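As C-alpha cells, the structure follows; a few thoughts come after it.
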Amino acid sequence: VKRYVRDLEEALIGTLAAVGLEAVRYEGLTGVWMPPGGGHGPRKVASIGVHVSRWVTTHGYALNVDLDPSPFTDWITACGLDDAQFTTIARERREAVSVDNVRPAAIAAIAEVFGLDFEELPTDDGAGLWPQPVHASLAAR
C-alpha cells in the first residue's frame, strides 16, 4: 500500500509539473505539497486516501485545482501541522485554472507512473460508460 500511495504522489507531482508548479512530498506525510516560499510555509495541494479491507480497496486523491481552500485551512489541520495551509493550482499560479485544463496532464502522469495505456470509451447515450439497469430501476421509483 505504501508503494501505491508514493506512486500516486509521484503522479500528482508530475501533473503539477506539467502545469508549471514544482511540488514536493515530505517524509512521514501523505500528500503533495508546495514548498515554503513567498512568506508562506508548506501548503498542501493534494490529499490521498487509500482504504484496504478484505482484499478490496477504495482509494482516490483530491488535487485542489481552483476552489476556496480557507474552509479546509480553518477547519482541518493539514496532516496535524499547525502552520500548514491548503492551497490550489490557481492560487499558486495566480490565475484561473479549470479541471478540464488539468485533466490531460493528470491522465498522462498516471499513465506514465503506473505504465498504463488509457482508451477513451464512448458515452454517446449519456448514461455513463455502460448500461446501469440498477440505477434506472431506482430512478423509476
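With every protein chain kept in the model, how would you rank 65, 1, 113 by accessible area, 1.4 Å probe, largest at the top? Mind showing how you got there, number by number?
Details: 65 15, 1 110, 113 50 Å².
Descending accessible area places them as 1, 113, 65.
How much of the accessible area of region 1-60, probe 1.4 Å, is carbon plus sulfur, in whole percent?
Working: 1940 of 3520 Å².
Ligands and nucleic acids excluded, carbon and sulfur give 55 percent.
Top to bottom by accessible area (1.4 Å), largest first, where do 58, 30, 87 land? Please report the intermediate quantities before stating the final value.
Numbers: 58 85, 30 50, 87 0 Å².
Descending accessible area places them as 58, 30, 87.
When only the heavy atoms of the protein chains count and the probe is 1.4 Å, how do 7, 117 rank by accessible area, highest first?
Listed by decreasing accessible area, they come as 117, 7.
For residue 52, tell me the accessible area in Å² from a 1.4 Å probe, rounded to the nearest 10.
Approximately 80 Å² of residue 52 is accessible to the 1.4 Å probe.
Based on the Cβ-Cβ distance of residue 100 and residue 3, what FRET efficiency does E = 1/(1 + (r/R0)^6) give at R0 = 22 Å, to the nearest 0.05? The partial results should precede the final answer.
On the way: r = 31 Å, r/R0 = 1.39.
Efficiency at R0 = 22 Å is approximately 0.10.
The values are calculated or read from the model by the stated rules, or taken from the named source; none is laboratory data. The model shown is predicted, which means the values in this text are computed figures rather than measured ones. Counting neighbours? That spans all protein chains shown, and the Cβs are built from the backbone with ideal geometry, glycine included. To get the accessible areas, we keep the full protein, side chains included, count just its heavy atoms, and leave off ligands, DNA and RNA. Shrake-Rupley method; radii C 1.70, N 1.55, O 1.52, S 1.80 Å.
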